[in-house]
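Beneath this line is the structure, given in structure tokens, with notes to follow.
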Amino acid sequence: MKRLILIRHAKSSWKDMTLSDFDRPLNKRGILNGDFMSDKLSKKIKSVDALFSSSSKRTMLTSNFFINKINVDKDRIYYMDNLYHANENYLIDFVSSLKNSFSTVICLGHNPGFTDVSNYFLGNTFYNVPTCGIVIIDFKLKKWEDVGKKRGKLTHKMFPKDYS
């Protein structure tokens, strides 16, 4: 079995309009949600084989909450420019190319790609994966290359509004 945990970055700050989109940090709500949602996930998932994150500032800051609460080998944490606003097709190819030695993987990134790829793997399930939303998809497969349209099963959906 393969497990993909998709996490959209937490809410970002628009306070400093001189910053590029890539360099925007988290706002107060983003920090609170990052801490809260990483705690919720850590009660379901104790460890992962690898964590991949967009290299944008808000996504890296979000990833730190999860890294601090879920066991992941520091040598298997990857920050990737290609995950910054990656589209559905890139994300499908990315997931399909994961090492088969990885059973459980966290991937942090952005919309619309994360909503689109969730819907690709699950069927049209979500209108929108919100900021700091978590979608856990299980695949009854031995190889990541075999993932495909509607091949996944939604195991958990955790959105911040579910807990307010």
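The values are calculated or read from the model by the stated rules, or taken from the named source; none is laboratory data. Nothing here was measured: the structure is a model prediction, and the numbers come from that model. We place every Cβ from the backbone using ideal geometry, glycine too, and count neighbours over all the protein chains shown. Keep in mind that these areas ignore ligands, DNA and RNA; they rest on the heavy atoms of the full protein, side chains included. Shrake-Rupley method; radii C 1.70, N 1.55, O 1.52, S 1.80 Å.
Here are the numbers for this structure:
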read-out: Enumeration of residues in the range 1-35 that are among the basic types (Lys, Arg) and out of contact with any helix residue (DSSP H, G or I) (no Cβ under 8 Å at 6 or more places or on another chain); value: 3, 15, 28, 29
read-out: Residues of the range 1-36 that turn out to be open to solvent by 40 Å² or more (accessible area, probe 1.4 Å), among the small types (Gly, Ala, Ser) and modelled with pLDDT of 95 or more, as a count; value: 0
read-out: Checklist (1) more than 17 Å from residue 74 (Cα to Cα); (2) surrounded by 16 or more Cβ atoms within 10 Å (Cβ to Cβ) applied to residue 43, failing item; value: (2)
read-out: Residue satisfying condition, being over 17 Å from residue 130 (Cβ atoms) and of a type in the set (Lys, Arg), within set 44, 40, 11, 28; value: 44
read-out: Any pair with Cβ under 6 angstrom, 6 or more apart, that starts in the range 35-58 at a residue that is touching a residue at least 24 places away in the same chain (Cβ under 8 Å) and ends at one that is among the basic types (Lys, Arg); value: 38/69; 42/69; 50/76; 58/24
read-out: The range 66-116, residues that are touching a Phe, Trp or Tyr at 6+ places or on another chain (Cβ under 9 Å), modelled with pLDDT of 95 or more and among the aliphatic types (A, V, I, L, M); value: 77, 80, 83, 86, 91, 92, 95, 98, 105, 106, 108
read-out: Answer from 108, 61, 122, 154 - the residue that is open to solvent by 10 Å² or more (accessible area, probe 1.4 Å) and within 13 Å of residue 5 (Cβ to Cβ); value: 154
read-out: Subset of the range 91-105 that is assigned to a loop (DSSP other than H, G, I, E, B) and among the hydroxyl-bearing types (Ser, Thr, Tyr) - its residue that is surrounded by the fewest Cβ atoms within 10 Å (Cβ to Cβ); value: 101
read-out: Subset of the range 125-150 [open to solvent by less than 10 Å² (accessible area, probe 1.4 Å) and charged (D, E, K, R)]; value: none
